[in-house]
2 protein chains.
Amino acid sequence: MQRIACKVEYIGTSFAGYQVQPNGRTVQEELERALTKLHRGTPVKVVASGRTDAGVHAVGQVIHFDSAMSIPEDRWPKALNPLLPADIRLAASQHVSETFHARFTTTGKQYRYKVVTQEDVFMRNRATYVPVSLNLEAMREAAQGIVGTYDFSSFCAANTSVQDKVRTVTRCEIIQGGRELEFILEGNGFLYNMVRIAVGTLLEVGTGKRSPADMEGIIAAEDRSAAGKTAPADGLYLWSVMYAEPLFQQAQK
Amino acid sequence: MQRIACKVEYIGTSFAGYQVQPNGRTVQEELERALTKLHRGTPVKVVASGRTDAGVHAVGQVIHFDSAMSIPEDRWPKALNPLLPADIRLAASQHVSETFHARFTTTGKQYRYKVVTQEDVFMRNRATYVPVSLNLEAMREAAQGIVGTYDFSSFCAANTSVQDKVRTVTRCEIIQGGRELEFILEGNGFLYNMVRIAVGTLLEVGTGKRSPADMEGIIAAEDRSAAGKTAPADGLYLWSVMYAEPLFQQAQK
């Protein structure tokens, strides 16, 4: 058996999320169905770097699976894409050692969150439309308050069972391009809804409801109710997943 | 009655085209339905700069209509967008004189055609995927052969009733951005399928099937069969429509 890692892109709009569940179409079940078909009925289990929620997109989700098929390491997209629905695509593949695990050996993740400040029909379901003007400088100042190692309980959905809520955020930037804003968050790991709560809080700074100086107190509260609203799923993209050894060197966007 | 001009964006994917027809959903009928509803049942006719085919998108279609409603000139998007389906949006509006006519007073149009050279799930139905490498320099040289005033019969769908096929193309450029190519064609008017046939021919230059030097003979032939295949509708965008007096100054992308 050979372990294969793949980079996967999907449009989250028509999925009930990544992970298999009783009701609703999921990315995992589509991947496993295509792989099982390719393996002539032998079930293939897929492990991803982590789940994504309903409506959340991925340009750099990473999965692994084991296979006895002798397909050249970079050819899995060619083999599998014709069996996948049009809203999922394998973008790259490579052989990895048996010690590689898409979920347990990650060293970090990057998420991006897209906001449009003018309605744009082509960004429907792919960005969040904020119909008011935003103070970019204030949001950028507040974003710096999120960078660091903290107990991020304030930025974690209240109904989570995770005990250790200390995470390190290494990057929180906002890029402006035309009428689009892109929030970039990178870190060693993220709690449930953490990116969406962080962006929702930064947007409240952008509208003047909160000030950049509030960020310190929000984090120190270690209480979900101290932070802002959870931003909608549509704008969120799992952008890339990092491992000790970089994967898919040539296929990076 | 006041004449109003609007800039309209739409995703062409779920439409049978712009113009009302017996079968299939069209942009025109959705616009007229929303306007008639806003006018409490009084039918409102919409005139566009021209039709677009099934699957073709618009970021800068221009329409006009006449109304007795006293809505401030820039407020038509606010009034009409809530009544429109999510794949059509008014982006701007302004009052124009009675001599303005969205179709008959145009002075030029710009189309853009998007091609991706690597499969991209987010560009599905929004760009044409060309799975081979393209010679950008050769395509750019060939593109210059299209600029000028010519009888463009070779770049016109065979089944057209238009008599005068002389048009002036003022710009034919190819912009590269990451794994996306954007063909920009601007001119005083375009024949049926002209942009798609021009792009299809340029792509055949890009793959080496034709050479840039062939363009002169293709145009001189004045025969549809001399040119390349018609490129698919998905990649085509009506980008902007020009009039003697510039419209929507502040809302341009």
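Of the residues making up segment B:179-188, not a single one is out of contact with any strand residue (DSSP E or B) (no Cβ under 8 Å at 6 or more places or on another chain), farther than 21 Å from B:Met123 by Cα, among the charged types (D, E, K, R) and assigned by TED's automatic domain parsing to the domain that holds B:Tyr129.
For segment B:45-58, the count of residues that are in the same structural domain as B:Ser14 (by TED's automatic domain parsing) and loosely packed, with under 15 Cβ neighbours inside 10 Å is nonzero. The strands (runs of 3 or more DSSP E) located wholly in segment B:65-176 that include 3 or more residues which are among the hydrophobic types (A, V, I, L, M, F, W, C) occupy B:88-96. Screening B:His64 with (1) at pLDDT 95 or above; (2) over 26 Å from B:Gln249 (Cα atoms) gives one miss only, at (2). Return a yes/no flag: does segment A:94-101 have any residue that is surrounded by fewer than 18 Cβ atoms within 10 Å (Cβ to Cβ), within 17 Å of A:Lys37 (Cβ to Cβ), among the polar types (S, T, N, Q) and modelled with pLDDT of 95 or more. No, because not a single residue in segment A:94-101 is surrounded by fewer than 18 Cβ atoms within 10 Å (Cβ to Cβ), within 17 Å of A:Lys37 (Cβ to Cβ), among the polar types (S, T, N, Q) and modelled with pLDDT of 95 or more. Exactly one residue out of A:Ala54, A:Ala48 is away from chain B (no Cβ under 14 Å), within 23 Å of B:Gln118 (Cβ to Cβ) and in contact with a strand residue (DSSP E or B) (Cβ under 7 Å, 6 or more places away or on another chain), and it is A:Ala48.
Let's see how each residue does on (1) farther than 25 Å from A:Tyr243 by Cα; (2) among the hydroxyl-bearing types (Ser, Thr, Tyr); (3) not assigned by TED's automatic domain parsing to the domain that holds A:Arg224:
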position	(1), (2), (3)
A:Pro72	no, no, yes
A:Ala86	yes, no, yes
A:Val96	no, no, yes
A:Glu119	yes, no, no
A:Asn125	yes, no, no
A:Tyr129	yes, yes, no
A:Lys165	no, no, no
A:Thr168	no, yes, no
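Regarding segment A:132-144, can at least one residue be identified that is within 20 Å of the chain's Cα centre (by Cα) and either within 14 Å of chain B (Cβ to nearest Cβ) or crowded, with 16+ Cβ neighbours inside 10 Å (or both)? Looking through segment A:132-144, at least one residue is within 20 Å of the chain's Cα centre (by Cα) and either within 14 Å of chain B (Cβ to nearest Cβ) or crowded, with 16+ Cβ neighbours inside 10 Å (or both). Every condition in (1) assigned by TED's automatic domain parsing to the domain that holds A:Ile197; (2) crowded, with 16+ Cβ neighbours inside 10 Å; (3) farther than 22 Å from A:Thr13 by Cβ; (4) polar (S, T, N, Q) holds for A:Ser67 except the one numbered (1). Condition check: modelled with pLDDT of 95 or more, crowded, with 16+ Cβ neighbours inside 10 Å and out of contact with any helix residue (DSSP H, G or I) (no Cβ under 9 Å at 6 or more places or on another chain). Does A:Thr117 satisfy that? When the stated conditions are applied, A:Thr117 does not pass them. Between B:Thr128, B:Thr117, the distinction of being farther than 19 Å from B:Thr13 by Cβ and hydroxyl-bearing (Ser, Thr, Tyr) belongs to B:Thr117 only. Pairs linking a residue in segment B:225-238 that is surrounded by fewer than 19 Cβ atoms within 10 Å (Cβ to Cβ) to a residue that is in a loop (DSSP other than H, G, I, E, B), with Cβ atoms under 9 Å and 6 or more positions apart or on different chains, are B:Ser225/B:Ala158; B:Thr230/B:Ala157; B:Thr230/B:Asn193; B:Pro232/B:Gly55. Of all residues in segment A:134-155, none are at pLDDT below 95 and assigned by TED's automatic domain parsing to the domain that holds A:Asp234. The single residue among B:Thr170, B:Thr160 that is among the hydroxyl-bearing types (Ser, Thr, Tyr), over 13 Å from the mean Cα position of the chain (by Cα) and modelled with pLDDT of 95 or more turns out to be B:Thr170.
Checked against (1) part of a helix (DSSP H, G or I); (2) free of Cβ contacts under 8 Å to residues at least 40 places away in the same chain; (3) more than 21 Å from A:Glu119 (Cβ to Cβ), A:Gly200 meets all criteria but (3). Total residues in segment B:210-253 satisfying the condition of being within 20 Å of the chain's Cα centre (by Cα), outside any strand (DSSP E or B) and within 14 Å of chain A (Cβ to nearest Cβ): the figure is 6.
Taking the condition of being more than 11 Å from chain A (Cβ to nearest Cβ) and either of a type in the set (S, T, N, Q) or without any contact (Cβ under 8 Å) to a residue 24 or more places away in the chain (or both), how many residues in segment B:115-131 meet it? Going through segment B:115-131 one residue at a time, the tally reaches 2.
As a summary of the residue check, A:Asn81 satisfies the conditions (1) polar (S, T, N, Q); (2) more than 24 Å from the chain's Cα centre (by Cα); (3) within 14 Å of chain B (Cβ to nearest Cβ) except for the one numbered (2). Sub-9 Å Cβ pairs linking a first residue in segment B:148-164 that is over 15 Å from B:Gly187 (Cα atoms) and without any contact (Cβ under 8 Å) to a residue 40 or more places away in the chain to a second residue that is of a type in the set (Ser, Thr, Tyr) and surrounded by 12 or more Cβ atoms within 10 Å (Cβ to Cβ), at least 6 apart or interchain, are B:Asn159/B:Tyr192; B:Thr160/B:Tyr192; B:Val162/B:Tyr192, ordered by first then second residue.
The values are calculated or read from the model by the stated rules, or taken from the named source; none is laboratory data. In this text, all values refer to a predicted model and were calculated from it rather than measured experimentally. A quick note on method: Cβ atoms are made from the backbone with ideal geometry, for glycine too, and the neighbour counts reach across all protein chains shown.
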